[in-house]
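Everything on this sheet refers to the single structure shown next.
Read-outs: derived from the displayed coordinates by stated rules, not from any lab. This is a predicted model, so every value here is computed, not measured. Cβ placement follows ideal geometry from the backbone for every residue including glycine, while neighbour counts extend to all protein chains displayed.
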Amino acid sequence: MDKKIRFAVAGIGGMGKTHIEGIKKNPLAELAAIFDINEEFAVKCAADNGLEKYYTDFDKMLAEEDIDALIVCTPDQVHRDYTVQALRAGKHVLCEKPMAQTLSDCREMVKAADETGMKLMIGQVCRKAPGFIKAKELVDSGYIGDLFFVESEYAHDYSRIPGRGGWQWRTDPVLLRHPVIGGGCHAIDLLRWIAGNPSEVFAYANRKMLTSWPVDDCTVAVMKFPDDVIGKVMCSVGCKRSYTMRTCLYGSKGTIICDNTSPEITVMLEKLDDNGEYLGLDTEKIPVDINNHNVASEIEELIDCIINDKPVPTDGREGASTVAVGAAIVESAAKGDKIEVDYNF
Ligand SMILES: NC(=O)c1ccc[n+]([C@@H]2O[C@H](COP(=O)([O-])OP(=O)(O)OC[C@H]3O[C@@H](n4cnc5c(N)ncnc54)[C@H](O)[C@@H]3O)[C@@H](O)[C@H]2O)c1
């Protein structure tokens, strides 16, 4: 291919910069334009990346720049509008997780992708984390036998994430981002990827850590997956612990303990002799590479899907399914009842 895929990035905060690094690493990609509503950030980002221009007006960027694809790294609350507008302008889109905050936003995004035929990828980055990839490979191959219980968690301390320019959209009391949909989506998506779509959820939630914020900060949800597998997701955004997504996958022959930050995953397997007599548990440590944030693999995959016209594995419906489970968890905790997940989009 002689022409590189020309990317624009919307929102050049923490994730925007990580995506820019991913674009720069890829020989088939080129950074064509950047957009942010904060001019000071945009000026600096353009200078740091050798761009002559920057944009604080999204319409202007779409009109003036010859771009093939947009990466949406703005706060969750504004994913829908930039994504739909770019798709309808004939651009492919990689939208950061969560796809959106509501199912109606997800539906609009799916519709825009369907109607335009442009590629829409949702950045469910845990599917690119080497430890989780290895864990899924082992589960799929039957290495730990039949799954019966899967659990994952999103444990963070949002009170310790400084806001850019003094503003933190994650905990803005007006924007009301629910942490289960915004952050817990990582754990939900990981379990969906490994165990399938849960049909029904039940959740409890409390607000004992970020008490000035009008949203619960800790949620525990249990759910029913296909083939009678049970699952659990814990999401806390005020906990005093270092960030990691500890995940346990329990099968009839063994158990996998893994996360997205450790250089190895642990597999415990039951050891039997030739007569089937129990000899004990074997513990295996499998090394994994944790040297990048894995968005480079997302960009690589999107480019492959564009060039070779392949379907995107984490397309709009996949992203929306993860939001749907999150929305059911939030509703269950509020109502104190089990909720069926609505996968209608
Ligand atoms: N995949 C992951 O592991 C991961 C990790 C962190 C964040 N995220 C997601 O990435 C997105 C960005 O998060 P972040 O941590 O980079 O946030 P950030 O606060 O570091 O950056 C957000 C940027 O968006 C800009 N912005 C704010 N409102 C805007 C608007 N209306 N239009 C255009 N730009 C706007 C801000 O000026 C800022 O530069 C969020 O959706 C978040 O959930 C994903």
Go through region 234-312 and name the trypsin sites (Lys or Arg not before Pro) that are in a DSSP coil and have 12 or fewer other Cβ atoms within 10 Å of their Cβ.
-> K240, R241
Helix 39-48 sits at what angle to the longest principal axis of the chain, using alpha carbons and giving 0 to 90 degrees rounded to 10?
-> 80
Note on the chain: contact order normalised by length, alpha-carbon pairs under 8 Å, 6 or more apart, percent, works out to 19
Interchain or long-range residues, amide H under 5 Å from I265's placed H = I286, V288
In degrees between 0 and 90, to the nearest 10, how far off the longest principal axis of the chain does helix 103-116 point, with axes built from Cα atoms?
-> 60
Restrict the search to region 194-250; then list the chymotrypsin sites (Phe, Trp or Tyr not before Pro) that DSSP places in a loop and that have at most 16 other Cβ atoms within 10 Å of their Cβ.
-> Y243
Angle between the chain longest axis and helix 130-140 axis [Cα atoms, degrees, rounded to 10] = 50
Please give every one of the lysines within straight-line cross-link reach of K335, meaning a C-alpha to C-alpha distance under 29 Å, and leave out same-chain neighbours fewer than 8 residues apart.
-> K97, K208, K224, K232, K240
Nearest 20 debye, what's the magnitude of the dipole of the chain about its Cα centre given +1 on Lys and Arg Cβ and -1 on Asp and Glu Cβ?
-> 780
One finds, for L28 and S212 with R0 = 45 angstrom and r their Cβ-Cβ distance, a FRET efficiency to the nearest 0.05 of 0.45
Relative contact order computed over region 196-305 (Cα-Cα under 8 Å; 6+ residues apart), in percent | 14
Inter-probe distance in nm under a simple model that places probes 7 Å from Cα toward Cβ, at K240 and A47 = 4.1
Listed with the fewest Cβ neighbours within 10 Å leading, T266, T247, T211, T255 appear as T211, T266, T255, T247
Neighbour cut-off at most 15 other Cβ (10 Å), DSSP loop, trypsin sites (Lys or Arg not before Pro), region 1-104 | K3, K53
Could you pull out every residue, at least 5 positions away or on a different chain, whose amide H is within less than 5 Å of the one on L175? Hs are placed 1.01 Å off N in the peptide plane, and Pro or chain starts have none.
-> none
Once phi for every residue in region 172-187 is put through the Karplus expression 6.51 cos²θ - 1.76 cosθ + 1.60 (θ = phi - 60°), the whole-Hz ³J(HN,Hα) values, with Gly and Pro written as x, are 5, x, 8, 6, 6, 7, 7, x, 5, 7, x, x, x, 4, 4, 5
Span from the region 1-50 Cα centroid across to the region 228-268 one, whole angstrom = 33
Note, P263: beta-carbon cut-off 11 Å, +1 each Lys/Arg, -1 each Asp/Glu, net -2
10 Å Cβ shell holding at most 10 others, DSSP loop, GluC sites (Glu not before Pro): longest site-free stretch of the chain | 53-276
Which whole-Hz couplings ³J(HN,Hα) result when phi for each residue of region 321-333 is put into the Karplus expression 6.51 cos²θ - 1.76 cosθ + 1.60, θ = phi - 60°, listed in order with x for Gly and Pro?
-> 5, 5, 4, 4, 5, x, 5, 5, 5, 4, 5, 5, 5
Under 5 Å between amide H atoms, partner at least 5 residues away or on a different chain: which partners does G123 have, H built in plane at 1.01 Å?
-> C95, E96, K97
